Amino acid sequence: MPLIKELLEHNQSVKFKISGTSMLPFFKHQETLVTLIRKDAYKKYDAILYQVNDAFVLHRIIKVDREFYLTCGDALKTIELVDKSNVLGYVSMFEYKDKLIHSNDKAYMFKVKVWHCVKPFRRILLKLIKRK
């Protein structure tokens, strides 16, 4: 991760496989390859990589404020307060099962927004998705 941080700080894109399940159902553990880049401003629904002490976290922005972002993993309920200075970059595109999906893809963004709206039912939906 220190190398990823350094590359992003020098405005280079970075690719790596997702580790963990907090971003299910969109990003799958050791199966989804994400491409991260830096940009000047991040917006609601961007999946951002940020640093908290020595840990690096990839979660989605659910609210933008002047000095911080509120983030949450797609498979989680816990909301985190992230200082804007701790953000390293965002997922500009990702690959899963030989499909390349850009973060501004309309179908993808529709699914993300629907998923955000069904937050109270996520646990049930995730159980159904994992059975497949």
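The values are calculated or read from the model by the stated rules, or taken from the named source; none is laboratory data. Since the model is a prediction, treat every value here as computed from it, not as a measurement. Glycine also receives a Cβ, built like all others from the backbone with ideal geometry; neighbour counts cover every protein chain displayed.
Here are a few things to note about the model shown:
- Test for S85: is it outside any strand (DSSP E or B) and within 21 Å of V14 (Cα to Cα): yes
- Residue selected from the range 12-49 under the condition aromatic (F, W, Y) and touching a residue at least 60 places away in the same chain (Cβ under 8 Å), by the criterion surrounded by the most Cβ atoms within 10 Å (Cβ to Cβ): F27
- L76 buried (at least 16 other Cβ atoms within 10 Å of the Cβ), of a type in the set (A, V, I, L, M) and part of a strand (DSSP E or B): no
- Residue in the range 1-15 that is in contact with a helix residue (DSSP H, G or I) (Cβ under 9 Å, 6 or more places away or on another chain), assigned to a loop (DSSP other than H, G, I, E, B), closer than 23 Å to C117 by Cβ and modelled with pLDDT of 95 or more present: no
- Of everything in the range 55-73 that is in contact with a Lys or Arg (Cβ under 7 Å, 6 or more places away or on another chain) and of a type in the set (F, W, Y), the residue that is surrounded by the most Cβ atoms within 10 Å (Cβ to Cβ) is Y69.
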